[in-house]
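The values are calculated or read from the model by the stated rules, or taken from the named source; none is laboratory data. What you see is a predicted model; the values in this text were computed from it and never measured. Neighbour counts run over all protein chains shown; Cβ positions are idealised from the backbone, glycine included. The protein model used for the area step is the full one, side chains on, heavy atoms only, and it has no ligands, DNA or RNA in it. Shrake-Rupley method; radii C 1.70, N 1.55, O 1.52, S 1.80 Å.
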Amino acid sequence: MKFGKGLMALAGVTLIASPVFAASLNSKERARVARAHPSDRDDVRYCLLQGKKGRDKGTVIGAAGGAGVGAIAGGNLGESLLAGAAGAVAGRVIGKSEGTNSECDRVLERNP
């Protein structure tokens, strides 16, 4: 029963943490949009935001998955937190590449 409560708490934290990652462009990304060809500016902005959303979503899902696996494997709190951190890093890397499609890849390559 204790294990079930832990998973429910983890799921709740994941759902609550998702809105925290509100995507916005930083100064370097805004400069990239400004440098882009005028016809591509909206697409560059959209693709940069989609990449950030994918990265942030991957981070949350990876952290929850890693911590869940750590808990299921019978790890103590420290081991579960370590597994969650490793999952967050992996999820961030995977989510960054999965947040965009081939059209976004072409638009961003055209407008460095």
Looking only at region 66-83, decide whether some residue is surrounded by 14 or more Cβ atoms within 10 Å (Cβ to Cβ) and touching an Asp or Glu at 6+ places or on another chain (Cβ under 6 Å).
yes
Please go through region 84-112 and pick out each residue that is open to solvent by 100 Å² or more (accessible area, probe 1.4 Å) and among the acidic types (Asp, Glu).
Glu98, Glu109
Can you find a residue in region 27-46 that is open to solvent by 80 Å² or more (accessible area, probe 1.4 Å), within 15 Å of Arg92 (Cα to Cα) and part of a helix (DSSP H, G or I)?
no
Kindly list the number of the only condition in (1) touching a His at 6+ places or on another chain (Cβ under 9 Å); (2) free of Cβ contacts under 8 Å to residues at least 40 places away in the same chain that fails for Val44.
(2)
